[in-house]
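Rule-based calculations on the coordinates, nothing more; no lab input. What you see is a predicted model, and the numbers here were worked out from it, not measured in a lab. Glycine also receives a Cβ, built like all others from the backbone with ideal geometry; neighbour counts cover every protein chain displayed.
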Amino acid sequence: MRALLAEDVRITMPPEPAVVGIDAASEFLGRPLDWRTFPTSANGRPALINYLRRPGCPHYEALVVDVLRIENGKIVESNAFIGARHVAAFGMPATLEP
């Protein structure tokens, strides 16, 4: 994942503070969580629809849409739109089976 990131990458997830820089972003993105991710686009930019399966939960729950800004082949920014309603806006279900 680190190879895809710009040195000054910025990840935003309001209301949480931004994650800034390749080291902080690599650590944040490298957490051992059980994700299912689907590529899409939003407003002409590449985006990812993400589902998370929490420990003990029988299914994956719609959680976030990440809209990416890419420059020179590297991710320079990821803006997270947190909440199942954002995932639903793409016609995706609220939950997925494992």
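Of note:
- Cα shape, region 22-68, gyration tensor, a/c 1.5 rule: oblate
- Residue-span extension gain [Arg45 to Thr12] - 0.36 nm each, minus C-alpha spacing: 10.3 nm
- In the chain, Cα pairs under 8 Å separated by at least six residues give a relative contact order of 26 percent.
- In the chain, taking the dipole from charged Cβ atoms about the Cα centre, the farthest positive-side position among Gly21, Pro32, Ala89 is held by Ala89.
- Charged-residue dipole, Cβ positions (Lys, Arg, Asp, Glu), the chain about Cα centre, Debye nearest 20: 220
- Leu4 versus His59: modelled label distance in nm, points set 7 Å from Cα along the beta carbon direction: 2.6
- Among the listed values [x] 6.5; [y] 13.6; [z] 7.3, the one matching mean projected area of the Cα convex hull in nm² as calculated from this structure is [x].
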